[in-house]
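Asks: I have a structure I would like to understand better, so I am pasting it below and will then ask my questions one at a time.
The values are calculated or read from the model by the stated rules, or taken from the named source; none is laboratory data. Keep in mind that this is a model prediction, so the values were computed, not measured. No Cβ is skipped: glycine too gets one built from the backbone with ideal geometry, and neighbour counts run over all protein chains shown. Surface accessibility is based on the protein's heavy atoms, side chains included, excluding ligands, DNA and RNA. Shrake-Rupley method; radii C 1.70, N 1.55, O 1.52, S 1.80 Å.
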Amino acid sequence: MSETTTTEFCTIQSTDGVMLDARIFRPAAAGNDQKSVGNAAETVAVMVHPYSVLGGCQGLMKGMARGLASRGLTAVTFDTRGAGRSTGRASLTGSAEVNDVVSVCNWAAKNLSARRVVLVGSSAGAAIAGSAIDAAEEVAGYVSIGYPFGFTASILLGGHQKAIAKSLKPKLFVMGTRDGFTSVGQLEKKVKKMGGEKNETHLIEGVSHFQMEGPGFDAQMVNLILHFITSL
């Protein structure tokens, strides 16, 4: 049985000289189920992993990235500064990591023939990606998986909420109803006040925050991401 995806290794330089270890997941053959995405050759998903201070790394996004590639969409994962083999030092608030996300989006647009980039962030990565949504003009949409809107998480990551709230770009927020960092009520209240005409939520019943980071939900996340991209 032939492989449906290929993986390339590369290094991407951030705006301040930090070198980011990255992976590019591509469809192995042209025409491989690309109709399920729509304009797949022109769209790249940039995946932003969970909080590196607690061990988050691009490996946590590998399953989703490979799943997207198997459906015809090129996806990029990378370690933010201080994670994995990337240079630099991680910041507690994720503020410096925003530069990393913007740099990867810019690089994808220039080197992968991407007409548009869709940001996909998980947990703290969703908060960091949210700060990059308007900072990178290539970004056409944003998918959050378990955005940490709750009070405790906001002590460190609350500074990112202003950027995502004011952005007019299309957004999708996916969350489990048993997320320990954000309640359903908190999510709905935040999303209701966001700018733009397309601010969607998708709740997964009975699922916790860290469950959604596991491989058991990769296929479901892939389907949700592709449906969102098709709707853009």
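Asks: Would a scan of the range 139-149 turn up a residue that is in contact with a helix residue (DSSP H, G or I) (Cβ under 6 Å, 6 or more places away or on another chain) and among the hydroxyl-bearing types (Ser, Thr, Tyr)?
Replies: yes
Asks: Is the range 204-216 home to any residue that is surrounded by fewer than 19 Cβ atoms within 10 Å (Cβ to Cβ), in contact with an Asp or Glu (Cβ under 7 Å, 6 or more places away or on another chain) and either in contact (Cβ under 8 Å) with a residue 12 or more places away in the chain or closer than 12 Å to ILE145 by Cβ (or both)?
Replies: yes
Asks: Specify the residue that is modelled with the highest pLDDT; the eligible residues are those in the range 16-41 that are in contact with a helix residue (DSSP H, G or I) (Cβ under 9 Å, 6 or more places away or on another chain) and exposed (fewer than 12 other Cβ atoms within 10 Å of the Cβ).
Replies: Kept after step one, since they are in contact with a helix residue (DSSP H, G or I) (Cβ under 9 Å, 6 or more places away or on another chain), are these residues of the range 16-41: 16, 18, 20-28, 30, 32-34, 36-41.
From what's left, exposed (fewer than 12 other Cβ atoms within 10 Å of the Cβ): 16, 30.
Values: ASP16: 91, ALA30: 49.
This residue is ASP16.
Asks: May I pose another question? Tell me, yes or no, whether the range 90-103 has at least one residue that is within 13 Å of the chain's Cα centre (by Cα), outside any helix (DSSP H, G or I) and not hydrophobic (A, V, I, L, M, F, W, C).
Replies: Looking for residues that are within 13 Å of the chain's Cα centre (by Cα), outside any helix (DSSP H, G or I) and not hydrophobic (A, V, I, L, M, F, W, C), one finds none in the range 90-103, hence no.
Asks: Continuing with the same structure: Does the range 86-137 hold any residues that are farther than 14 Å from VAL48 by Cα, open to solvent by 40 Å² or more (accessible area, probe 1.4 Å) and either in contact with a helix residue (DSSP H, G or I) (Cβ under 7 Å, 6 or more places away or on another chain) or not charged (D, E, K, R) (or both), and which are they?
Replies: THR87, GLY88, LEU92, THR93, ASN106, TRP107, ASN111, SER113, ARG115, ASP134, ALA135
Asks: Cβ-Cβ below 7 Å, separation at least six or inter-chain, first residue in the range 52-73 and closer than 21 Å to THR230 by Cβ, second in a helix (DSSP H, G or I) and β-branched (Val, Ile, Thr): which pairs?
Replies: Between residues of the range 52-73 that are closer than 21 Å to THR230 by Cβ and residues that are in a helix (DSSP H, G or I) and β-branched (Val, Ile, Thr), the close pairs are MET64/VAL222; GLY67/VAL222; LEU68/VAL222; LEU68/ILE225; ARG71/VAL222.
Asks: Being under 25 Å from THR230 (Cα atoms), open to solvent by less than 50 Å² (accessible area, probe 1.4 Å), in contact (Cβ under 8 Å) with a residue 60 or more places away in the chain and in contact with a helix residue (DSSP H, G or I) (Cβ under 9 Å, 6 or more places away or on another chain): is that true of VAL76 here?
Replies: no
Asks: Against the conditions (1) more than 22 Å from PHE78 (Cβ to Cβ); (2) at pLDDT 95 or above, where does GLY150 fall short? Just the number, please.
Replies: (2)
Asks: Which condition number in (1) farther than 20 Å from THR80 by Cβ; (2) open to solvent by 20 Å² or more (accessible area, probe 1.4 Å); (3) touching a residue at least 24 places away in the same chain (Cβ under 8 Å) is the one that ALA163 fails?
Replies: Every listed condition holds for ALA163 apart from (1).
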